[in-house]
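To keep things clear, I will list the structure first and then write my remarks on it.
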Amino acid sequence: MNKAKVLTLIQEALDQKAPVTMTDSSQTLEAWDSLAQLQILMRIDQETGGKAANIPELAIALSAQAIIETLDSHGLIDA
């Protein structure tokens, strides 16, 4: 999975028309609430074949950048 795919998954989970960027977060997007966070995590977990469920830090990653950095630190982002 690459960074663009993660941003797309976040966009879909939030039901956003505009593309999500690396600077977007729960602070900048009104739709990004606790339920949306769960939707984001579920989509990422499905995309990674269940590997993301084993990364507890994702639950507190409340920005696109934090999610991508966390996934990358666990080897789930393609170069």
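Within the range 6-25, track down each residue that is of a type in the set (D, E, K, R), over 15 Å from residue 42 (Cβ atoms) and touching a residue at least 12 places away in the same chain (Cβ under 8 Å).
Initial filter on the range 6-25 (of a type in the set (D, E, K, R)): 12, 15, 17, 24.
Checking which are over 15 Å from residue 42 (Cβ atoms) leaves us with 17, 24.
Passing the criteria: only 24.
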Elements of type helices (runs of 4 or more DSSP H) contained in the range 1-78, each with 3 or more residues being in contact with a Ser or Thr (Cβ under 6 Å, 6 or more places away or on another chain)
none
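Anything in the range 6-49 that is of a type in the set (D, E, K, R) and at positive phi? List them, or say none. Give the steps one after another, and end with the answer.
We begin by selecting, within the range 6-49, every residue of a type in the set (D, E, K, R); these are 12, 15, 17, 24, 30, 33, 43, 45, 47.
Across the range 6-49, the qualifying residue is only 15.
Since every read-out is calculated from the coordinates, none of them should be taken as a lab result. Being a predicted model, the structure only gives us computed values, none of them experimental. Positions of Cβ are generated from backbone atoms using ideal geometry, with glycine treated the same way; all protein chains shown enter the neighbour counts.
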